[in-house]
Amino acid sequence: MRYDEPLFRPPSEADSFILQATLGCSWNACTYCAMYRGKRYQVRPIEEALADIAEAGARFAQDVRHVFVADGDPLGMELDHWEPILRALGAAFPRLRRVSTYATARNLLEKSPEELRRLRELGLALLYIGPESGDDLTLHRIAKGANAGDHIEAARKAREAGLEQSLIFMLGAGGRERSEEHARASGRLATAMDPRFLSTLTLTVIPGTPMARLGEQGRFELPDVLGLLTELRWFIEEARPSAAIFRSNHASNHLPIGGRLPRDRGAILAAIDEAMGGRRPLRPEWARGL
Ligand code: SF4
């Protein structure tokens, strides 16, 4: 298999076969993101993707249950690329149970309902989408390329095609200035998008990014730890998905917790309160990562 570093995947895909069908991100403009800066977006030639699948199939045919298609937003690939890839994955891995990928609201809005249904029929099952915020001003400032309404429409299209969503929201994305608006609107957007999986991560301001430059100019300031925990509390208060598994176990978070929403809302809020009151340990700074 040929991998072009850096290679990213969600924590829950740690045991998956990673197929790098695209390189970089077609958007590559979010102000906080350094994942693919300097990496020119390209869809890898189909022959290369199929060769990687054939090689992995020859080595791990009976072992692979989950496949994650990388890099940043492969859902944007055309159907004539997706179709042979999904067929080949199904043929190479007889015990395959799930194919997942990163997607943006723009990717979903650009695909027709028929195209999305076709992808589902061929085995694509789960989309990791990072709205990051439900607050339109924050979304505009971080250059996410889509507002809350776009995300709701994208989620509707995904649901109607039978595609599951795993949503990621980013504590701190609104800075101190938009902290409460950002957190509460994010919870409301999670409710409206109604995912099967829901998670938060915490913004890390990476040197060299547009967001870091705003910080240097005094135009962006990340909330402190207590402020970030307060954002998590606001988010959980507002988030009312019909039945979602919630996790904040990403390495960037100070408080790794989880549960089912709405069932465990009270327990999750109690855990946040304990952390805010100093009665529950936080992940030490040295153990946090991107
Ligand atoms: S869509 Fe994702 S990968 Fe692309 S720039 Fe934004 S955060 Fe980075």
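The values are calculated or read from the model by the stated rules, or taken from the named source; none is laboratory data. Just so it is clear, the structure is predicted and the values come from calculations on it, not from any experiment. Here Cβ is always computed from backbone atoms with ideal geometry, including for glycine, and neighbour counts include all displayed protein chains. Each accessible area value is taken on the protein alone, full model and side chains, heavy atoms only, with ligands, DNA and RNA left out. Shrake-Rupley method; radii C 1.70, N 1.55, O 1.52, S 1.80 Å.
Residue selection: I268 satisfies the criterion of being in contact with a strand residue (DSSP E or B) (Cβ under 8 Å, 6 or more places away or on another chain) and in a helix (DSSP H, G or I). Selection within the range 126-156: residues that are of a type in the set (A, V, I, L, M) and either more than 16 Å from the chain's Cα centre (by Cα) or within 12 Å of the ligand (Cβ to nearest atom) (or both). The member of this set that is nearest to F220 (Cα to Cα) is I142. Residues of the range 206-254 that are of a type in the set (A, V, I, L, M, F, W, C), open to solvent by less than 30 Å² (accessible area, probe 1.4 Å) and out of contact with any Phe, Trp or Tyr (no Cβ under 6 Å at 6 or more places or on another chain): A212, L228, L229, L232, F235, I236, A239, A244, F246.
Residues in the range 62-91 that are within 13 Å of Q20 (Cα to Cα), assigned to a strand (DSSP E or B) and either open to solvent by 20 Å² or more (accessible area, probe 1.4 Å) or more than 16 Å from the ligand (Cβ to nearest atom) (or both): V67 alone.
Can you name every residue in the range 11-34 that is within 12 Å of the ligand (Cβ to nearest atom) and open to solvent by less than 70 Å² (accessible area, probe 1.4 Å)?
Taking the range 11-34 first, the residues within 12 Å of the ligand (Cβ to nearest atom) are 22-34.
Across the range 11-34, the qualifying residues are T22, L23, G24, C25, S26, N28, A29, C30, T31, Y32, C33, A34.
Evaluate the range 46-57: report whether one residue or more is within 15 Å of the ligand (Cβ to nearest atom) and either open to solvent by less than 20 Å² (accessible area, probe 1.4 Å) or more than 30 Å from I206 (Cβ to Cβ) (or both). Walk me through it before giving the result.
Just the residues of the range 46-57 that are within 15 Å of the ligand (Cβ to nearest atom), to begin with: none.
No, the range 46-57 has no match at all.
When D135 is tested against (1) open to solvent by 40 Å² or more (accessible area, probe 1.4 Å); (2) more than 22 Å from L23 (Cα to Cα); (3) not hydrophobic (A, V, I, L, M, F, W, C), just one condition goes unmet, and that condition is (1).
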